[in-house]
Amino acid sequence: MKIQDSRNEILKEASALRWELGSNLHDLLTEALYTDAARLAERAVTSDSHNKNFDLDRTIDRVVTSRWLGFPVMMILMTIVFWVTISGANVPSSLLSKLLIDSVYPLLKEVSNQIGLVWWLDGLVIDGIYLAMAWVISVMLPPMAIFFPLFTLLEDFGYLPRVAFNLDQWFKKTGAHGKQALTMAMGYGCNAAGVVATRIIDSPRERLIAIITNNFSLCNGRWPTQILIATIFIGNLVPSIFAGLVSAMAVIGIVIFGVACTFLVSWGLSRTLLKGEASIFSLELPPYRPPRVLQTIYTSLIDRTLIVLWRAVIFAIPAGATIWLISNISFGDFSLAEHAIRGLNPFGILVGLNGVILLAYIIAIPANEIVIPTVLMLTVLSIGLSDVGHGAGVMFELDSVSATASVLKSGGWTLLTGLNLMIFSLLHNPCSTALYTIWKETKSVKWTAISAFLPIVMGFLVCFFITKIFFWSGGF
């Protein structure tokens, strides 16, 4: 009996102790919640006692994160960045081209002749390797040197977190991460840099989605192709006074289509190969602050521009050698390039392209910057235009848009070819620099292969359907 009474007494004391501990824990949790709520309210609620800087931040945020104004402001700012990048890069790109191609290239050829360098070594090293590197540097360096500092200034100012805030809901609906908006924007400068930027995403699944879809952002190496082809084939459809506007709208349309592809593929991957729910993350909107201009320029040029450019130049070396070799090594009556063009033509025509475009994109995998010079050289080679260009395997560009249009149309190009090339320029495999970066970031052959083949399959399918619609409608 005494043992039973002692047991009951112990149970009562234990129950009282549990209640006391639970009550204290409840009080502690409640106090912590109220403390956090007070801290958040202090930061979120404005009053007359707050300083002017905080009021200014809140005023700006009411505009840039507004449901109705946030997206238009974002589009305007991004358009300004792209316009400044493209327009601002024209002059330095032209100067670099005159220096490296119009001045240094003839000088190298003259030195080669004076020392009696054997013809094939002269062609391989100067016409092939050097010209490929010169094109990459002259086309790639100025846009990156402008875009990356501008992008970093927006980041330093505090605007880019607002972009992620605006797009977070859209990416969540696709099963992706809101921070993918930032990596997607970085991809417009360089896809390799955009892939590296995915490190800000903590979830491995969502980071992979961001890596695979970054190729749908038009990098600076693809802008020249888009602008040139839109000017030749789209702008010419309207009176000259509206040609520039219509061409620009066509390029913006490709950009928007790329964003749609990003959402679509992100949605598909999150429900197939990379199943899972979108993670919840806390996005703190930092206060606006004056950008550190000098530090930003230095960091952008060293950490992003020069490193990415160096990789592109290294990968351009085998591309230049390949272009010259296949154009100058003959098998029977035709060069290897001509054989390849003839072999690729049937499939190219099926998808609304041609063998020249397909071969150009195969050998220009190292750098998108050399696509147009390669296309022109291969077109001249395949149709036998002896008065244009500088010989087999020597990449070139023409001084005017009309001269370029004349060469392309002589090669059988039509509106359909131009439209499909703009689509294919968006939807094709990443360049070798981006693929190498993907492999370094994922350490996976599987995901690198998926990143390479998924967009190119999409590109062929979209071009095929556009071609079918073109012929079903009797042309448009």
Q | Members of the stretch 318-332 that are over 12 Å from THR374 (Cα atoms) and of a type in the set (Phe, Trp, Tyr) | A | PHE331
Q. For the stretch 282-302, does any single residue satisfy the condition of being assigned to a helix (DSSP H, G or I), more than 18 Å from the chain's Cα centre (by Cα) and either in the same structural domain as GLY178 (by TED's automatic domain parsing) or among the charged types (D, E, K, R) (or both)?
A. no
Q.
Being modelled with pLDDT under 90 and surrounded by 16 or more Cβ atoms within 10 Å (Cβ to Cβ) narrows it down to one residue among ALA364, ALA405, ALA321, ALA360; which is it?
A. ALA364
Q: Taking only the stretch 271-296 into account, find how many residues are at pLDDT 80 or above, hydrophobic (A, V, I, L, M, F, W, C) and touching a helix residue (DSSP H, G or I) at 6+ places or on another chain (Cβ under 7 Å).
A: 1
**Q.** Residues of the stretch 376-406 satisfying the condition of being part of a helix (DSSP H, G or I) and touching a Phe, Trp or Tyr at 6+ places or on another chain (Cβ under 9 Å)
**A.** LEU376, MET377, THR379, VAL380, ALA405
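State yes or no: is GLY393 of a type in the set (Gly, Ala, Ser) and either within 25 Å of the chain's Cα centre (by Cα) or assigned by TED's automatic domain parsing to the domain that holds ILE227 (or both)? Steps first, please.
Numbers: of a type in the set (Gly, Ala, Ser): yes; either within 25 Å of the chain's Cα centre (by Cα) or assigned by TED's automatic domain parsing to the domain that holds ILE227 (or both): no.
Considered against the rule, which asks whether it is of a type in the set (Gly, Ala, Ser) and either within 25 Å of the chain's Cα centre (by Cα) or assigned by TED's automatic domain parsing to the domain that holds ILE227 (or both), GLY393 comes out as no.
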Q.
Given the criteria surrounded by fewer than 20 Cβ atoms within 10 Å (Cβ to Cβ), in contact (Cβ under 8 Å) with a residue 60 or more places away in the chain and in the same structural domain as ALA250 (by TED's automatic domain parsing), does TYR188 qualify?
A. no
(Q) Among the residues of the stretch 256-273, are any more than 17 Å from the chain's Cα centre (by Cα) and buried (at least 19 other Cβ atoms within 10 Å of the Cβ)? (A) yes
Q.
With the requirement that a residue be of a type in the set (Val, Ile, Thr) and in a helix (DSSP H, G or I), what does the stretch 303-333 give you?
A. THR305, ILE307, VAL308, VAL313, ILE314, ILE317, THR322, ILE323, ILE326
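The values are calculated or read from the model by the stated rules, or taken from the named source; none is laboratory data. Just so you know, these numbers come straight off a predicted model, no measurement behind them. Neighbour counts are summed over all protein chains in view; Cβ atoms, including those assigned to glycine, are modelled from backbone coordinates with ideal geometry.
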